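Below is one structure, written out as structure tokens, with a few remarks after it.
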Amino acid sequence: MLHHKAFRFRIYPTEEQTALIHQMFGCARFVFNHFLARWNATFQETGRGLSYQTCATGLPALKKEWPWLKDVDSIALQSAVRSLADAFDRFFRKQNDPPRFKSKRNPLQSYITKFTNGNIAVACDLLKLRKVCVKRHF
């Protein structure tokens, strides 16, 4: 049986780590908004949207076009594309409204990453995320 676990930590990042975390928020938001715009344009032209696979395979080309996307967690960018595809799936099943563009002004900023190849670790009082290592508080 598959059990999902989630952990919630209070972290105390330095200014440099805070900048990296905010950069991840911005990059995930940028990728989401970019593919949402492409999805809407494709839907208006052809009457069909894009698939998750089409967007996911377009991610490396996007990284070549904007090199600063290489500085953040790639799993977070893939998760942004996955959440966009899920939002459209729910919309077409008439469960939700259509996806909207994400705003920097929204007070709730987040990104999703997954545990693969030891990219998330807890050691003593440090929480190691991919590309960031911050102190945590119990």
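The values are calculated or read from the model by the stated rules, or taken from the named source; none is laboratory data. It should be emphasised that the depicted structure is a prediction, and the values quoted were computed from it without experimental measurement. Backbone-built Cβ (ideal geometry, glycine too); neighbour counts: all protein chains shown. The protein model used for the area step is the full one, side chains on, heavy atoms only, and it has no ligands, DNA or RNA in it. Shrake-Rupley method; radii C 1.70, N 1.55, O 1.52, S 1.80 Å.
Here are the numbers for the structure shown:
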quantity: Pair residue 64, residue 114: separation of 7 Å Cα→Cβ label points (nm); calculated: 2.5
quantity: The chain: most fluctuating residue of 120, 75, 21 per GNM, C-alpha cutoff 10 Å; calculated: 120
quantity: Per residue accessible area in Å² of the chain, where ligands, DNA and RNA are left out and the probe is 1.4 Å; calculated: 72
quantity: Positive dipole terminus of the chain, leading residue within 13, 68, 39 (C-beta point charges); calculated: 13
quantity: Carbon and sulfur %, accessible surface of the chain computed with the full protein complex present, 1.4 Å; calculated: 55
quantity: DSSP-loop trypsin sites (Lys or Arg not before Pro) across segment 25-81, with at most 12 other Cβ within 10 angstrom; calculated: 48
quantity: Net dipole in debye of segment 57-138 [+1 Lys, Arg Cβ; -1 Asp, Glu Cβ; about Cα centre; nearest 20]; calculated: 120
quantity: Dipole magnitude of the chain, debye to nearest 20 (Cβ charges: Lys/Arg +1, Asp/Glu -1, about Cα centre); calculated: 260
quantity: Estimated FRET transfer efficiency when R0 is 35 angstrom, pair residue 14-residue 91 (beta carbons, to 0.05); calculated: 0.30
